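One structure is given below, encoded as structure tokens.
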Amino acid sequence: MRELLQQLIIDAMTVSVPSYTRRDAHVPTVPGKALAVIGMRRSGKTTFLWQCLAERLAEGVPRDSLLYLNFEDERLSDLQVTDLQWIVEDYYRIVPHLREQAKVTFFFDEIQVVNGWETFARRLMDTEKVDLFLTGSSARLLSREVATAMRGRAMEVLIHPFSFREVLRHAGVEPKDPSSLWSKSLRTELDNRLRNYLVAGGFPESQGVSLRDRRDLLRTYVDVAILRDVIERHGISNPIPLRWLQRHLLASPASRFSIQKFYDTLRSQGVRVGKDTLYTYLDYLEDTFLVRLVPQHSASERKRATSPRKAYPVDPGLIPVYEHAGRANIGKALETAILIELERRGYEVFFVNTREGYEIDFLAQSPEGHWLLMQICADLSNASTREREIRALLSGCSEYPHATPLLITLDAIPPQPGLPQQLKWQSAVGWLLG
């Protein structure tokens with residue numbers, strides 16, 4: 001094993017950086033913290049590690065001070081936590097001039113396959129001059145577990161599937177100019193590409209593949225996440241209600257979800273499960289990053305915790321895979337894309353029920369404390385739809401005067417006739433590329 005590790009280290013210090021599409025993830029810059037790269041399976045965490053390595057190279061950091069190792073190499077299947085110290089010793093045996101003289105960076109991919117890796121990582125940070133990047137499947141390196149395992153020594157870097165901007169970048173058509181300089185033809189192209197993104201989604205491996213292959217691929221991602229990250233990890237002996245829950249959430253995007261109602265539905269179908277178990281399953285699905293849950297905004301923590309939440313898939317491309325009613329669902333897909341983009345930008349997100357009984361899609365607070373009151377609509381051409389959306393947003397304005405009221409539509413043409421003066425409008429393309 002030690003000879004194998006020595007060879008892997010030598011190979012890793014000389015291998016060229018693979019090509020990649022640059023991601024726009026936020027990377028914390030707090031000294032003395034490891035960075036745990038987390039997110040849904042197949043969303044691009046490994047590629048992001050290579051991006052971080054390449055950025056350090058571009059800044060002039062010597063190549064031999066950057067070490068990337070993937071612990072899912074089948075030759076390392078018998079690796080024990082006590083063996084991990086060999087990596088440190090043999091690395092510094094190759095580059096002794098770097099020990100205690102310069103900071104090095106270790107990129108440990110899928111480190112969770114080694115039981116007890118947490119103690120090694122903490123000791124490494126305490127005893128060596130090292131920056132540490134860690135990734136792992138959501139099965140054993142969930143966000144809440146990183147904080148516990150590393151005892152406050154790690155911060156998270158959240159990687160979702162490609163955003164709309166990253167999809168354009170991946171295809172080589174990311175606009176460089178601000179929207180005010182876009183030509184009519186470019187606006188039309190971007191509008192068409194957004195509509196395709198809302199159907200195809202942003203998982204990197206699914207870009208450009210056929211509809212049939214994409215659906216099979218995305219279904220495989222979900223099945224693997226359910227099997228490995230939930231069923232095997234938590235020892236679930238009766239996965240039937242879990243599968244019902246997963247399919248229901250993915251087939252009903254941007255909808256309110258009540259455990260009580262879902263429990264009653266399962267009972268009517270003869271599926272036996274406890275309500276507490278369903279609450280636990282819901283937490284598991286969110287921990288795998290497969291679904292994102294948005295609570296209702298309330299000053300009362302108790303009401304916020306007990307009210308139904310709205311559930312969204314982590315990527316709009318999952319919606320047509322599980323929605324079998326024949327609906328286009330473009331509005332729900334747009335709402336999903338906006339939510340995930342808000343999460344990428346670090347917003348804390350809620351939905352709102354006004355005192356007048358209107359629902360507003362999102363109330364979002366930025367890390368800087370700015371509030372947005374957002375209503376998302378694919379099409380305002382219908383007069384009743386237009387009236388409903390504007391009425392709800394105006395109702396929210398009176399309750400949240402500190403928030404900027406924003407109406408986002410898929411249509412790139414401003415609503416006609418114009419909106420009430422206190423409301424702002426932006427096209428979905430403009431906001432997603434903002």
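The values are calculated or read from the model by the stated rules, or taken from the named source; none is laboratory data. Bear in mind that the values here come from a model prediction, so they are computed numbers and not experimental data. Quick reminder, even Gly has a Cβ in these numbers, built from the backbone with ideal geometry, and neighbours come from all protein chains shown. Areas reflect the complete protein model, heavy atoms only, side chains present, ligands, DNA and RNA absent. Shrake-Rupley method; radii C 1.70, N 1.55, O 1.52, S 1.80 Å.
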Report summary line: Rounded to the nearest whole number, the per residue volume of the convex hull around the C-alpha atoms of the chain in Å³ is 170
Report summary line: With a 25 Å threshold on alpha-carbon distance, the violating pairs from Lys332/Lys424; Lys45/Lys303; Lys45/Lys103; Lys275/Lys310 are Lys45/Lys303
Requested in this report: Mind telling me which of Ala225, Ala251, Ala149 comes out most flexible in a GNM of the chain, alpha-carbon contacts under 10 Å?
Outcome: Ala149
Query raised in the report: When the chain is treated as a GNM, springs tying every alpha-carbon pair under 10 Å, which of Asp379, Asp213, Asp315 comes out with the largest mean-square fluctuation?
Result: Asp213
Requested in this report: Could you grab the Rg to Rh ratio for region 339-434? Cα atoms only, Kirkwood for Rh.
Outcome: 0.94
Query raised in the report: Say the dipole of the chain comes from +1 at the beta carbon of Lys and Arg and -1 at that of Asp and Glu; which of Pro204, Asn70, Ile340 then lies farthest toward its positive end?
Result: Ile340
Requested in this report: Once you've got the GNM for the chain with C-alpha springs shorter than 10 Å, pick whichever of His402, His160, His297 has the biggest mean-square fluctuation.
Outcome: His402
Query raised in the report: For the peptides 201-210, 92-101, what is the packing order when you average, over each peptide's residues, the other Cβ atoms within 10 Å and list the highest mean first?
Result: 201-210, 92-101
Query raised in the report: So who's got an amide H within less than 5 Å of the one on Leu423, skipping anything under 5 residues away but keeping other chains? H placed 1.01 Å off N, in plane.
Result: none
Report summary line: Between Phe351 and residues 5 or more places away or on another chain, the pairs with built amide H atoms under 5 Å apart involve Gln296, His297, Leu363
Requested in this report: Hey, can you grab everything whose amide H is under 5 Å from the amide H of Arg292? Only 5+ residues off in sequence or another chain; H modelled, so Pro and N-termini drop out.
Outcome: Tyr312, Val314
Report task. Give the relative contact order (percent, whole number) for region 229-320; include only Cα pairs under 8 Å separated by 6+ residues. Result -> 36
Query raised in the report: Considering every pair of different Cα atoms, what Kirkwood radius, in Å, is found for region 221-273?
Result: 12.0
Report summary line: Ratio for region 246-287, C-alpha Rg to 2.2 N^0.38 Å, reads 1.13
Report summary line: Judged on accessible area alone, 1.4 Å probe, highest first, Thr46, Thr82, Thr385 line up as Thr82, Thr46, Thr385
Query raised in the report: What percent does the relative contact order of the chain come to when contacts are Cα pairs within less than 8 Å and at least six residues apart?
Result: 14
Report summary line: Treating only Lys and Arg (+1) and Asp and Glu (-1) as charged, each at its beta carbon, one finds that region 203-273 has a dipole about its Cα centre, in Debye to the nearest 20, of 280
Report summary line: Bridge orientation stat for the chain from DSSP, antiparallel percent rounded to 5, came to 35
Query - FRET E, pair Arg99, Arg212, Förster distance 56 Å, beta-carbon r, rounded to 0.05 - result: 0.55
Requested in this report: Give the shape of region 1-141 as rounded, prolate or oblate, defined through the alpha-carbon gyration tensor: a ≥ b ≥ c are the square roots of its eigenvalues, a/c under 1.5 means rounded, and otherwise the shape is prolate if a/b is larger than b/c and oblate if not.
Outcome: rounded
Report task. Measure nothing but the geometry: give the 0 to 90° angle between the long axis through the Cα atoms of 184-200 and the longest principal axis through the Cα atoms of the chain, rounded to 10°. Result -> 70
Requested in this report: Calculate the dipole size of region 1-85 relative to its Cα centre from +1 charges on Lys and Arg beta carbons and -1 charges on Asp and Glu beta carbons; express the result in debye to the nearest 20.
Outcome: 400
**Report entry** Stretchable slack from Gln269 to Glu3, in nm (0.36 nm times residue separation minus alpha-carbon distance)
**Finding:** 90.0 nm
Query - Sites Glu74 and Arg256 - FRET efficiency at Förster radius 56 Å, r taken between beta-carbons, to 0.05 - result: 0.80
Report summary line: Mean Cβ-within-10 Å packing, highest first, puts peptides 178-185, 285-292, 259-266, 48-55 in the order 285-292, 48-55, 259-266, 178-185
Query raised in the report: How far is helix 211-226 tilted off the main Cα axis of the chain, in degrees rounded to 10, range 0 to 90?
Result: 70
Requested in this report: Let me know the charge dipole size of region 280-421 about its Cα centre in debye, to the nearest 20, where only the beta-carbon of Lys, Arg (+1) and Asp, Glu (-1) is charged.
Outcome: 280
Query - Gain upon complete extension [Arg219, Val27; 0.36 nm per residue less C-alpha separation] - result: 66.1 nm
Query raised in the report: From the phi of every residue in region 262-276, what ³J(HN,Hα) in whole Hz does the Karplus formula 6.51 cos²θ - 1.76 cosθ + 1.60 yield, where θ is phi - 60° and glycine or proline is x?
Result: 5, 4, 5, 4, 5, 4, 5, 9, x, 8, 8, 6, x, 5, 4
Requested in this report: Convert 4 °C to kelvin, take the viscosity as 1.567 mPa s, use the Kirkwood radius over C-alpha pairs of region 246-379 as Rh, and evaluate the Stokes-Einstein diffusion coefficient in µm²/s, rounded to a whole number.
Outcome: 82
